[in-house]
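Undergrad: My questions will all concern the structure given below.
The values are calculated or read from the model by the stated rules, or taken from the named source; none is laboratory data. In this text the structure is predicted, and so the values were computed from the model without any measurement. Positions of Cβ are backbone-derived with ideal geometry, glycine not excepted, and every protein chain shown enters the neighbour counts.
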Amino acid sequence: MTNQIARCLIIDEIHPSIFEMLQEIGIEPDYRPNILPGEVREALQGFDGLIVRSKMRITAETLGLAEQLKFVARAGAGVDNIDAAALQERGIALIGANEGNSQAVGEHTLGMLLSLMRHISTSHQEVKQRIWLREENRGEEISGKTVGIIGYGNMGQSLAKVLSGFGCRLLAYDRYCPDKINDLVESASLEDIQAEADIVSLHIPYTADNHRFADEAFFKAFSKKIWFLNTARGEVVDQGALVSSLKEGKVKGAGLDVLENEKLKTLSPDQKQHFDYLASASNVILTPHIAGWTHESYIKINQVLVAKIAQLSIS
């Protein structure tokens, strides 16, 4: 990077540590977390970089006036709200920060799994109501189980690390980057996981190819009844198929940090019906897209972004 001062527009709320970090690498931040999506196109004129979280979708139209833009950085995991093809066509670098919250996601996924298998959430609610049921809340151990990790990027690898001390067998499948699979896990096909897994966790990005990846056929293909976890994106699961599988007992329980529509006041009739079932089921745990949302990851994401930005040549 040259010594010339570059400028970066930040349009979402972000940990304030980003300001000093950017200045240390010669980039002047312009922090506008309250900017409206419709104002971003005009505002981008004259900027070398853009940092965004989830305020809006970044499209070719958004970037139409950004003649000197060198990078778009997503302060979080996944870049599905950014038109990668539009950036590539313009020679604009796309930067993600999946490494920044991978530990948080691995720990959260494990937490949901333990709560499901040991009935922690349900028994907690019962005891608060002075209901003391031991046999009814007898749980299962992770030890001795086969865990299928679908998607073995930063998040899948983090889950494998936190599970490595539990005495379970770990199978990993990644159709995009099978070379990422390491000695913590056994390389497996999707069919292997469907034949052998007791526990299944999704860590795949949302793409058009992955829309409703976990559909009715996906769930029916499992040989065993499974515990199911999704901390990736809600759209990769057919929520109706999951509800049917829970009702049929094919899925013993589900931990969901994401939903196909997370704007709960805008649910369609079908989405509302599915959500109402999930919200009332004792074998389902729902959290509001917080798997990667820790005080530590809030800062780590900035560190990852700035380290990657520093490797660019900005003039």
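Listed here are the residues, each with its yes/no results for (1) within 22 Å of the chain's Cα centre (by Cα); (2) under 22 Å from Leu114 (Cβ atoms); (3) among the aromatic types (Phe, Trp, Tyr).
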residue	(1), (2), (3)
Ala197	yes, yes, no
Pro205	yes, no, no
Asp209	yes, no, no
Asp215	yes, no, no
Ala254	yes, yes, no
Leu259	yes, yes, no
Glu262	yes, no, no
Gln273	no, no, no
Ser282	no, yes, no
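To keep it simple, each residue is scored yes or no on (1) surrounded by 21 or more Cβ atoms within 10 Å (Cβ to Cβ); (2) over 20 Å from Ile314 (Cβ atoms); (3) at pLDDT 95 or above.
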residue	(1), (2), (3)
Arg41	no, yes, yes
Ser54	no, yes, no
Glu61	no, yes, yes
Arg74	yes, no, yes
Gly78	no, yes, no
Leu110	no, yes, yes
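Undergrad: When only residues in segment 53-84 that are β-branched (Val, Ile, Thr) and under 28 Å from Ile299 (Cβ atoms) count, which is farthest from the chain's Cα centre (by Cα)?
TA: Thr62
Undergrad: Checking the conditions here, which among Glu13, Glu24 is surrounded by fewer than 21 Cβ atoms within 10 Å (Cβ to Cβ) and more than 16 Å from Ala307 (Cα to Cα)?
TA: Glu13
Undergrad: If you check Leu94 against the conditions, is it under 30 Å from Leu171 (Cβ atoms), surrounded by 16 or more Cβ atoms within 10 Å (Cβ to Cβ) and either among the aliphatic types (A, V, I, L, M) or not assigned by TED's automatic domain parsing to the domain that holds Val162 (or both)?
TA: no
Undergrad: For segment 1-51, how many residues meet the condition of being within 22 Å of Trp293 (Cα to Cα) and of a type in the set (Gly, Ala, Ser)?
TA: So the count comes out to 1.
Undergrad: Return the total of residues in segment 210-234 being within 16 Å of Tyr173 (Cα to Cα) and of a type in the set (Asp, Glu).
TA: Residues flagged as within 16 Å of Tyr173 (Cα to Cα) and of a type in the set (Asp, Glu) within segment 210-234 amount to 0.
Undergrad: Does segment 118-140 hold any residues that are aliphatic (A, V, I, L, M) and within 27 Å of the chain's Cα centre (by Cα), and which are they?
TA: If the condition is that a residue be aliphatic (A, V, I, L, M) and within 27 Å of the chain's Cα centre (by Cα), then Ile120 is the only one that fits.
Undergrad: May I pose another question? For Glu235, state whether it is of a type outside the set (S, T, N, Q) and assigned to a loop (DSSP other than H, G, I, E, B).
TA: Against the criterion (of a type outside the set (S, T, N, Q) and assigned to a loop (DSSP other than H, G, I, E, B)), Glu235 does not qualify.
Undergrad: Out of all the residues in segment 238-255, which are buried (at least 20 other Cβ atoms within 10 Å of the Cβ) and not in a helix (DSSP H, G or I)?
TA: Asp238, Val251, Gly253, Ala254, Gly255
Undergrad: Quick check on Gly139: is it in the same structural domain as Val258 (by TED's automatic domain parsing), in contact with a helix residue (DSSP H, G or I) (Cβ under 8 Å, 6 or more places away or on another chain), at pLDDT 95 or above and closer than 30 Å to His124 by Cα?
TA: Yes, satisfied.
Undergrad: So is Asp183 outside any helix (DSSP H, G or I), charged (D, E, K, R) and closer than 30 Å to Arg7 by Cα or not?
TA: So Asp183 does not fit the description; no.
Undergrad: Could you grab the pairs with beta carbons closer than 8 Å, sequence gap of 6+ or different chains, first residue in segment 99-127 and without any contact (Cβ under 8 Å) to a residue 40 or more places away in the chain, second one of a type in the set (Asp, Glu) and part of a loop (DSSP other than H, G, I, E, B)?
TA: Pairs found: Arg118/Glu140.
Undergrad: While we're on this one: So Val147 passes all but one of these: (1) aliphatic (A, V, I, L, M); (2) at pLDDT below 95; (3) closer than 19 Å to Ile226 by Cβ. Which condition number does it fail?
TA: Result: Val147 passes all but (2).
Undergrad: Go through the residues of segment 209-232 one by one and say whether even a single one is in contact with an Asp or Glu (Cβ under 7 Å, 6 or more places away or on another chain), modelled with pLDDT of 95 or more, part of a loop (DSSP other than H, G, I, E, B) and surrounded by 17 or more Cβ atoms within 10 Å (Cβ to Cβ).
TA: Looking through segment 209-232, at least one residue is in contact with an Asp or Glu (Cβ under 7 Å, 6 or more places away or on another chain), modelled with pLDDT of 95 or more, part of a loop (DSSP other than H, G, I, E, B) and surrounded by 17 or more Cβ atoms within 10 Å (Cβ to Cβ).
Undergrad: Is there a residue being assigned by TED's automatic domain parsing to the domain that holds Asp238, surrounded by 14 or more Cβ atoms within 10 Å (Cβ to Cβ), within 21 Å of the chain's Cα centre (by Cα) and part of a helix (DSSP H, G or I) anywhere in segment 164-179?
TA: no
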